[in-house]
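Engineer: Okay, handing you the structure first.
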Amino acid sequence: MVRFAANLSTMFNEVPFIERFARAANAGFRGVECLFPYMEPAEKIAALLREHHLAQILFNMPAGDWSLGDRGMACLPGREKVFAEGVHKALEYALILGCKQVHAMAGKWNSQFTQEQQCKCYIKNIQYSADVMAEYGINVLIEPINAHDIPDYFLTTQKQAESLLETIGRKNVFIQLDLYHCQVMEGDLLRTIERLWGKFSHIQIASVPERHEPDTGEVNYFWLFKKLDAMGYQGWLGCEYYPADHTEKGLGWLVKSQS
C-alpha cells in the first residue's frame, strides 16, 4: 500500500508550523515533508518527530531570499558560495532529522547569463551537493516545476530532468516527480512514471488545476495509486497540496485510499 507524507508547509496551516506535526500524526500520517524547516531548531523538530512517531521524508535546501523572488540558486553563476553554505545547512538538518532526501531548487533563468553558463553552473552545483550528501547516504532531488506557478524556472519538464541526470552523473541524484507539475506541463502520467522508473525516488501529488486535495480535479489519483502499488513503488507520496477548506475536513480521500 502506498504511503503518504503530509506536507507541513501547505497542510494544517490552521495552526503554527510547530503544531502541525501532532495534527498530521492524529490524522493518520506516518511521514512528513516541508519546504524549509530552518525557522525552527533541528533538535526541536527531531523531538517532535520522535514524540509523534513520524519520519521526516523530505525538505528543501535553502533557496535564497524568497521574499525577493529567489526560487533556488543552483543555476545562478556568482552564488555558488551561498549555495554551498546551504548544502551544508541542509546536511546539518538532515542528519539530526534522520532525513535521507533533500531537494535542491534550481532557480530562475537570468538574462545576465547565457543558457550555457546557467546549465554548467547548475550541473556543477548539483554534483557538489551530491558529493557532500553521498558520504552520509543522502539523496539529492531535482524537481521540474511548471512554468505557470514559477515563471522562468530553470527546470520545467521531466525530459529536461532526465537529460540533466545523465550529465550530472551521480548515483544519489534522483528526480522528485511532482505529478501536479507534470500534468500541467506534460500529462501522460502513467507512461511518464513507467519511462522514469528508477530515476525518481519521491512522488508528490495535488489536484489539477487548483492544487487542492487529490480526490478533485482532472487526475484520477486513486487509479494511479493502485498502479503504483502494482508496480511495487517503495517510496512515499508527498501531499504538497493546499486544502480547499479546513485540512482535516478534506482528508476523506486519505481514508478512501487506504480502504
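Engineer: Could you identify which residue out of Gln117, Gln204, Gln158 has the top mean-square fluctuation in a GNM of the chain using Cα springs shorter than 10 Å?
Structural biologist: In the Gaussian network model the winner is Gln117.
Engineer: Further question on the same structure: Out of these labelled values of Kirkwood radius over Cα pairs in Å, (i) 18.6; (ii) 19.2; (iii) 19.9, which was calculated from the coordinates shown here?
Structural biologist: Computed from the coordinates, Kirkwood radius over Cα pairs in Å corresponds to (i).
Engineer: Let a ≥ b ≥ c be the square roots of the eigenvalues of the Cα gyration tensor of segment 131-222; is it rounded (a/c under 1.5), or, if not, prolate (a/b larger than b/c) or oblate? Please report the intermediate quantities before stating the final value.
Structural biologist: Values: a/c = 1.97, a/b = 1.74, b/c = 1.13.
In terms of gyration-tensor shape, prolate.
Engineer: Just to confirm, what accessible area per residue do you get for segment 103-259 at 1.4 Å probe, in whole Å²?
Structural biologist: Working: 7230 Å² over 157 residues.
About 46 Å² of surface per residue is accessible.
Engineer: May I pose another question? Calculate the length of the line joining the C-alpha centroid of segment 204-235 to that of segment 124-156, in whole Å.
Structural biologist: 23
Engineer: When the chain is modelled as a GNM with alpha-carbon springs shorter than 10 Å, which of Asn60, Asn110, Asn172 fluctuates the most?
Structural biologist: Asn110
Engineer: Along segment 209-220, what does the Karplus equation 6.51 cos²θ - 1.76 cosθ + 1.60 (θ = phi - 60°) give for ³J(HN,Hα), rounded to whole Hz, x for Gly and Pro?
Structural biologist: Values per residue, Gly and Pro as x: x, 7, 6, 9, 4, x, 9, 10, x, 8, 9, 8 Hz.
Engineer: Which GluC sites (Glu not before Pro) in segment 152-227 sit in a loop by DSSP (not H, G, I, E or B) and have at most 15 other Cβ atoms within 10 Å of their own Cβ? Can you show the working numbers first?
Structural biologist: Details: sites: Glu162, Glu166, Glu186, Glu194, Glu210, Glu218; in loops: Glu186, Glu210, Glu218.
Loop-located and lightly packed - Glu210, Glu218.
Engineer: For the chain, what % of the accessible area comes from carbon and sulfur atoms, probe 1.4 Å?
Structural biologist: Working: 5910 of 11530 Å².
Summing carbon and sulfur atoms, their accessible area is 51 percent of the total for the chain.
Engineer: What is the local net charge at Phe200, summed over the other residues whose Cβ is closer than 11 Å to its Cβ (Lys, Arg +1; Asp, Glu -1)? The partial results should precede the final answer.
Structural biologist: Numbers: positive: Arg195, Lys199; negative: Glu143, Glu162, Asp178.
Cβ neighbours under 11 Å give a net charge of -1.
The values are calculated or read from the model by the stated rules, or taken from the named source; none is laboratory data. Owing to the predicted nature of the structure, the values given are computational and were not obtained by experimental measurement. Positions of Cβ are backbone-derived with ideal geometry, glycine not excepted, and every protein chain shown enters the neighbour counts. These accessible areas exclude ligands, DNA and RNA; they are computed on the full protein's heavy atoms, side chains included. Shrake-Rupley method; radii C 1.70, N 1.55, O 1.52, S 1.80 Å.
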